[in-house]
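What follows is a set of notes on a single structure, which appears directly below.
The values are calculated or read from the model by the stated rules, or taken from the named source; none is laboratory data. The structure displayed is predicted, hence computed values, not measured ones. Positions of Cβ are backbone-derived with ideal geometry, glycine not excepted, and every protein chain shown enters the neighbour counts.
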Amino acid sequence: MKKYLFQCAIGPVQDFIASARRSRDLWYGSWLLSELAKAAAKALADRYQLDSLIFPAPQNREDLMPSSPFTAPNKVVAIVDGDPDGVAKLVKDAINSRLQALWKDARGKVAGRIEDDLARKQLDDLVEFYWVSVPVVDGDYKRARTLAEALLAARKSTRDFSQFNGSSVPKSSLDGSRESVIPPDAYPRGANDPRQEVKTRNLYRHYRARRGEQLSGVDLLKRLGERGKSVEQRFRSTSHMAALPLLAMIRREKGGTAVQQLFDEIQQFLAEEEIDAEDKDGSLLYESRLREWVSDEAKLNEVRGRLKVLLKTHSGTSVEPGAYYVLLQADGDNMGQAIDNQPDLQSHQRLSKALSEFAAGVSGIVEKHDGVPIFSGGDDVLAYLPLHTVLQCANDLAEKFEERLKGFSFRDGAVEKSPTLSIGIAVVHHLDPLSDSLELTRQAEKEAKGVTGKDALAVTVSKRSGVDRTVAGPRQALAERLGAMIGFLRRKKIGKGAAYELQELHRLLGTSGLPEVALSGEALRIIQRKRESGGSRGIDEEVHEKFTAWIENSEIDIGELAQELMVAGVFADAQDMAEGSLAPVQEETV
């Protein structure tokens, strides 16, 4: 029977994931796309053999079962026979069946009324499904794959659009396009509504919607769907990520049970408030978030005062939790060349297996560094982490990727290369919209992917009180410089003011035409006359030698070095906080 190379892509990916206001939206939405891809792969494996799958490459059939820990990318590739149209229908039906099962579970948890017909239509219109098939002629798999890739790219560029019907119904607060399915009478009618407090509470109890938040059927799936009994249901808020350096300090100073004791005491004086189990984390440590649970102003002031006392009691200082956490996004380099270099089906399957093994290990690496993995499929990674651990996590991910893919080298001209991992990191405020933070993370990853030779790292620090700062470069070199700077700042070997003097030097003279040697000499004089932070002694020889080497290295200019020192200061503060020696920048409110 004639063999075909079948490829399909499931979407929307970026838009769907980015439609998130809470970490739960992000966490569940990413998992949902993986579940739909697994359903597609399972349908193919059930019809044919498991080894018909080329991408993804599960270890066994159990990996493809609903809610298994295995994560699948949104693209599925397999060798099939028979009518391609029939194969496509089989796969699409499997995807829709899985989606409907997940919606049935989420719908059963909605305690209030919704517009069911509209919600079902929104779910029916959610999935974008593109597929192509190419005959494998005379066993020429490589030719078939090249043609299939081109056809799939062309098919995805001709998107399907459903008919638009205008409506005066409020739009979703998450994506701004789908209509809300929550009845208008579920919301308070202004400040004079006698049932304002009851309605506000019921919005969260019935729909997991905050005050004034409009949700579509797709949004309700994200808010109320469960990831299955075999998957850990616990996830952390962005506020919890920002608070982790402080919690690490409390654990370090007071012992392993101190953090749980702190949360227990907070919950005791919030006992009258309805706080969902999902919110019982570091979000309770922020005064700016207490209003989400306490509406009475007099009670709110009382709770704020008690929270301050508790934090001081448990931490031993007057510090407050920091305001920033990190989103990390990574993508493999040169994967197209690596795949093109595979001469046959079996070689491509081995490469896919290596990618699946890397993806399977991502959760362990991220969780080891107190982070939350959002998605890991093939060479794509998305996670959020606290400030004090993220740089080491990024390094561990890159090293693990290189270890798994080192056997798939290829020649690029005269150079032998292997796939590497480029990583974008965005330091963002815990109350910023997740959609905005995700966009910053994607831009950081793009900066990393633009570094010559790749295997790169890019870090964007987005503070509410100042301009965004981005540094990028080859990962090992940039990580080495940032690590050294963090060490100097933490040991008070140099003050943060040096960064601003170097920045001003570059601003005034960087484009003046002054010879590079003169500019470098002035930069070194600035460093040489700096004092240790808070002291009267000049900087020591180690600091001087490092800055001399960096400044005289033509691959990085004075302005970039200044930016890196400023970025290093953000991580140094968080690491100091985690070890109990310094408070980070305090929470900034809207």
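Put simply, of Leu36, Leu50, Leu64 the only residue that is hydrophobic (A, V, I, L, M, F, W, C), farther than 26 Å from Gln329 by Cβ and at pLDDT 90 or above is Leu50. For Thr158, the conditions (1) modelled with pLDDT of 90 or more; (2) β-branched (Val, Ile, Thr); (3) under 25 Å from Asn74 (Cα atoms) are fulfilled apart from (1). Whether a residue is free of Cβ contacts under 8 Å to residues at least 12 places away in the same chain, closer than 18 Å to Ala57 by Cα, within 25 Å of the chain's Cα centre (by Cα) and outside the structural domain of Ala258 (by TED's automatic domain parsing) was assessed, and Gly364 does not pass this test. Inside the stretch 170-193, residues that are touching a residue at least 12 places away in the same chain (Cβ under 8 Å) and in contact with a strand residue (DSSP E or B) (Cβ under 8 Å, 6 or more places away or on another chain) make up a count of 6. Give the residues of the stretch 194-217 that are without any contact (Cβ under 8 Å) to a residue 24 or more places away in the chain and touching a helix residue (DSSP H, G or I) at 6+ places or on another chain (Cβ under 7 Å), sorted by residue number. Lys199, Leu203, Arg211, listed by residue number.
Here the stretch 235-248 is the region considered, the condition is being in contact with an Asp or Glu (Cβ under 7 Å, 6 or more places away or on another chain) and not in a loop (DSSP other than H, G, I, E, B), and the residue that is surrounded by the fewest Cβ atoms within 10 Å (Cβ to Cβ) is His240. Inside the stretch 494-509, can you point out the residues that are more than 16 Å from Arg529 (Cβ to Cβ), modelled with pLDDT under 85 and crowded, with 16+ Cβ neighbours inside 10 Å? Answer for the stretch 494-509, where residues must be more than 16 Å from Arg529 (Cβ to Cβ), modelled with pLDDT under 85 and crowded, with 16+ Cβ neighbours inside 10 Å: just His506. Looking across the stretch 184-194, the residues that are loosely packed, with under 12 Cβ neighbours inside 10 Å and either at pLDDT below 75 or in a loop (DSSP other than H, G, I, E, B) (or both) come down to Gly190, Ala191, Asn192, Pro194. Tell me whether the stretch 292-306 contains one or more residues that are among the basic types (Lys, Arg) and at pLDDT below 85. So far as the stretch 292-306 goes, yes, one or more of its residues are among the basic types (Lys, Arg) and at pLDDT below 85. Checked against the criterion of being within 28 Å of Glu149 (Cα to Cα) and hydroxyl-bearing (Ser, Thr, Tyr), the candidates Ser352, Ser363, Ser288, Ser315 yield just one match: Ser352.
Scanning the stretch 441-453 for residues that are crowded, with 21+ Cβ neighbours inside 10 Å and in contact (Cβ under 8 Å) with a residue 40 or more places away in the chain yields Thr441, Ala444, Glu445. Only one entry in Arg475, Arg481, Arg507 is out of contact with any Pro (no Cβ under 6 Å at 6 or more places or on another chain) and within 17 Å of Asp573 (Cα to Cα), namely Arg481. Screening the stretch 115-130 for residues that are under 28 Å from the mean Cα position of the chain (by Cα) and not charged (D, E, K, R) and picking the one that is surrounded by the most Cβ atoms within 10 Å (Cβ to Cβ) gives Ala119.
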